[in-house]
Amino acid sequence: MPVFVLFGKKREEIMLYHSTRSKENIADSAQAVLNGLAPDGGLYVPEQLPRVDVAACLQENTMDMAARLIGAMLPDIPDMRTLVGNAYTGKFETDELTPTVDTGKFTVLELFRGPTSAFKDVALCMLPQLLTKAKTLKGMDEEIMILTATSGDTGKAALAGFADVPGVGICVFYPDGGVSRVQRAQMVTQEGNNVHVCAVEGNFDDAQTGVKNLFASGVPGKRLSTANSINIGRLAPQITYYFKAYADLLRRGQIQMGDKVNFSVPTGNFGDILAGYLAKKLGLPVGKLICASNANNVLTDFIESGTYDRRRPLHKTISPSMDILVSSNLERLLYLMSEDTDLVASLMGSLNKEGFYRVPENLKKAIQEEFWAGYCDDAKTRETIGKVWREQKYLCDTHTAAGWAVAEDYVAATGDTAPMVVLSTASPYKFPAAVLSALEDVAEMDEFQQMDYLSKLTGVPVPGNLQGLQQKKELHTTVIPKDKMLAFVEAL
Ligand SMILES: *Cc1c(COP(=O)(O)O)cnc(C)c1O
């Protein structure tokens, strides 16, 4: 075991993290943020969860809440209230960061009011603050290079979060022709003296595999890190909005303190919904967590059957941020519910080798106690966008629509009458073609015209950061073959 300087604290007062695959691989919370992934390939999980004064937390404004919760999860990183202020002040449409809308049916938790109109802003505004503070704390002088492969949303949110942050560089690879025009324009117009964006000839898997290979081989002269949701520094900030939503329902008199609230979460990598599970473990009265997928329903099958099987084709859908077959953060849930690192290591081994694993019956039952799962294909997604617009006058994006549809399925299947919060993970204007096609049959428009037309049709304004994108100067136009990624990073 490494020796830790305890600064006069008792060992049991120090909250350490260890790998999901071995309790021997430990790190304090600052080191866990710097490492991203544990050396054995596992994900960092806390030895034990901190105590949080839930009642006091629910009285606070969103930024104080965030400082309390992130500070509890990452106790070694000091000055948390300042970091939260630096991360969020002036960057979101409102100081409450993540407003809720009572649609008359479900409550929508809007996570897309940040600088790039995707829910990933909540975490990626905060991660640079955590990373640079952890770096100073550990006396690390070298520059860190953040490498990220993106299918669209993560790339822009990470670029915006890390732009001009001292001591850190950011490099994003996206599949050439594999992101929407809006998403491409968002990335290639990004300003900042430490940002690099590059298209890769190939699909998202090629870009992702390329990045994984760079991590495995290392890049001479560069210290690499990641902005993906395997980093605990990305997960911790997402706990806040579950508390915020609960506080809103309390303030509106829709619930009493202690009442259970259900949350439906459009899910890809299982990071967002895992933050909801952590909120529950910290004491928030969460009822069921509803895991909503698109046609890539590997999680639906897993939660229903206990078998996780990635041996299936990946479908390209109109909710691309959920087009994923290996949900990395599920590994954290498997550990948190079993507390058995040997079990997790062996399950992950069979996933890698054989492409599937089966969890023991008691673990499956325990997961089903907490989670309910369903999926929504493209046709149902469009139908839901249309229906929610007609019936609730609420315009939602494709991912949110999947969350809404599966929430309806849950209510129909169980008759559960607890209040339902649907997490809304993107602005409808990030996916204008798909959203518009759900409302009206309009051909022959490019995505930017569709954006304007959608706004005229619904009266819902286009977020500031997406306006005028087409006129902005393209700064990053490099396209490379997939075997040239190492050379690209080496030259930065
Ligand atoms: C990333 C993303 C998701 C999925 O979130 P996970 O944490 O990966 O489960 C859902 N919707 C949108 C719009 C996203 O960008």
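The values are calculated or read from the model by the stated rules, or taken from the named source; none is laboratory data. Because the structure is predicted, anything quoted here is derived from the model rather than measured. So basically every Cβ, Gly included, is an ideal-geometry build from the backbone, and we count neighbours across all protein chains shown. All accessible areas refer to the heavy atoms of the entire protein, side chains included, with ligands and DNA or RNA removed. Shrake-Rupley method; radii C 1.70, N 1.55, O 1.52, S 1.80 Å.
Observations on the structure shown:
- Residues considered: Val406, Val479. Of these, the only one that is at pLDDT 95 or above and open to solvent by 40 Å² or more (accessible area, probe 1.4 Å) is Val479.
- Tally of residues being on the phi < 0 side of the Ramachandran plot and more than 20 Å from the chain's Cα centre (by Cα) across the stretch 316-359: 21
- Filtered residues of the stretch 67-108 (kept if surrounded by 22 or more Cβ atoms within 10 Å (Cβ to Cβ), within 20 Å of the chain's Cα centre (by Cα) and assigned to a loop (DSSP other than H, G, I, E, B)): Leu74, Leu97, Thr98
- Hits in the stretch 14-32 (condition: in a strand (DSSP E or B), open to solvent by less than 20 Å² (accessible area, probe 1.4 Å) and more than 11 Å from Leu74 (Cβ to Cβ)): Leu16, His18, Ser19, Ala27
- Within the stretch 61-97, being small (Gly, Ala, Ser) and touching a residue at least 12 places away in the same chain (Cβ under 8 Å) holds for Ala66, Ala67, Ala72, Gly85, Ala87.
- Some residue of the stretch 388-397 being closer than 27 Å to Pro463 by Cα, among the hydroxyl-bearing types (Ser, Thr, Tyr), modelled with pLDDT of 95 or more and within 12 Å of the ligand (Cβ to nearest atom): no
- Residue check, Asn296 touching a residue at least 12 places away in the same chain (Cβ under 8 Å), under 22 Å from Thr148 (Cβ atoms) and polar (S, T, N, Q): yes
- Subset of the stretch 259-314 that is out of contact with any Ser or Thr (no Cβ under 7 Å at 6 or more places or on another chain) and small (Gly, Ala, Ser) - its residue that is farthest from the ligand (Cβ to nearest atom): Gly283
- Matching residues in the stretch 109-164 - criterion: being among the basic types (Lys, Arg), closer than 30 Å to Val462 by Cβ and more than 12 Å from the ligand (Cβ to nearest atom): Arg113
- Extreme residue, surrounded by the fewest Cβ atoms within 10 Å (Cβ to Cβ), among residues of the stretch 33-65 that are under 25 Å from Thr148 (Cα atoms) and among the aliphatic types (A, V, I, L, M): Leu37
- Failed item, numbered, when Val326 is tested on (1) of a type in the set (Val, Ile, Thr); (2) under 28 Å from Glu24 (Cβ atoms); (3) touching a residue at least 40 places away in the same chain (Cβ under 8 Å): (3)
- Matching residues, the stretch 408-436, being β-branched (Val, Ile, Thr) and within 16 Å of the ligand (Cβ to nearest atom): Val421, Val422, Thr425, Val435
- Candidates in the stretch 143-177 are the residues that are in contact with a helix residue (DSSP H, G or I) (Cβ under 7 Å, 6 or more places away or on another chain) and of a type in the set (D, E, K, R); of these, the one that is most open to solvent (accessible area, probe 1.4 Å) is Lys156.
- Which numbered condition Asn194 misses (of (1) crowded, with 19+ Cβ neighbours inside 10 Å; (2) closer than 18 Å to Ala487 by Cα; (3) in contact (Cβ under 8 Å) with a residue 60 or more places away in the chain; (4) not charged (D, E, K, R)): (3)
- Test: Ser427 is within 20 Å of the chain's Cα centre (by Cα) and touching a residue at least 24 places away in the same chain (Cβ under 8 Å): yes
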